[in-house]
Each structure stands twice: as C-alpha cells, then as structure tokens.
1. Select from segment 1-37 the residues that are under 30 Å from Ala49 (Cα atoms) and either in a loop (DSSP other than H, G, I, E, B) or acidic (Asp, Glu) (or both) and list them in ascending order.
2. Mind counting the residues in segment 44-54 that are within 18 Å of Asp71 (Cα to Cα) and open to solvent by 60 Å² or more (accessible area, probe 1.4 Å)?
3. I need a count of the residues in segment 44-72 that are under 16 Å from the mean Cα position of the chain (by Cα) and either in contact (Cβ under 8 Å) with a residue 24 or more places away in the chain or assigned to a helix (DSSP H, G or I) (or both).
4. Is it the case, given these coordinates, that Asp41 is without any contact (Cβ under 8 Å) to a residue 12 or more places away in the chain and surrounded by fewer than 10 Cβ atoms within 10 Å (Cβ to Cβ)?
Amino acid sequence: MIRIRLDDGEVTAAFGRVAAALGDLTPLMQEVGEYLQLSTDERFKAGKAPDASPWAPKKPSTTAAQARRGDP
C-alpha cells in the first residue's frame, strides 16, 4: 500500500503572511470596479466589444422596436 502524507502548514503560513502584507484590498477593488463600470458604460455608448471591435449593426426590427419605445 502506498501512503502519501501532505503537510500544508508551511504553505498555509506563507499565504497568511502574504495576506497580512497586502492588507485590506477593499479600496483597490472598489477602484477597479469603478473603472470597469465606467469603461463598460463607455463601450456600450460607443457600440464596441471589450476588444474594441464594433458591434454588429442593429436589425431593422430592433430599430423599429426601439423607436416605438422611444429608446435612443
């Protein structure tokens, strides 16, 4: 029979030290989130995908439905 014993104490301790050194990442994550939201809003207004490629043109049925609803 083969037995394998794994002691992850050192790895867990190392991750604990890294987390302590980084501190509270909440402000950074809030900034990243705001940036992503703004860039997504800008891409929607410009009609571009995340890779900056343009969206396909709207179908006439979509344009007609938007006109009926008063969408821009």
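1. Leu25, Glu31, Glu34
2. Total satisfying the criteria: 3.
3. Qualifying residue count for the region: 1.
4. Taking the combined requirement at face value, the residue does not satisfy it.
The values are calculated or read from the model by the stated rules, or taken from the named source; none is laboratory data. Values in this document were obtained by computation on a predicted structure and should not be read as measured data. For neighbour counting, all protein chains shown are included, and Cβ atoms are generated from backbone atoms with ideal geometry for every residue, glycine included. Note: areas computed on protein heavy atoms with side chains; ligands, DNA, RNA excluded. Shrake-Rupley method; radii C 1.70, N 1.55, O 1.52, S 1.80 Å.
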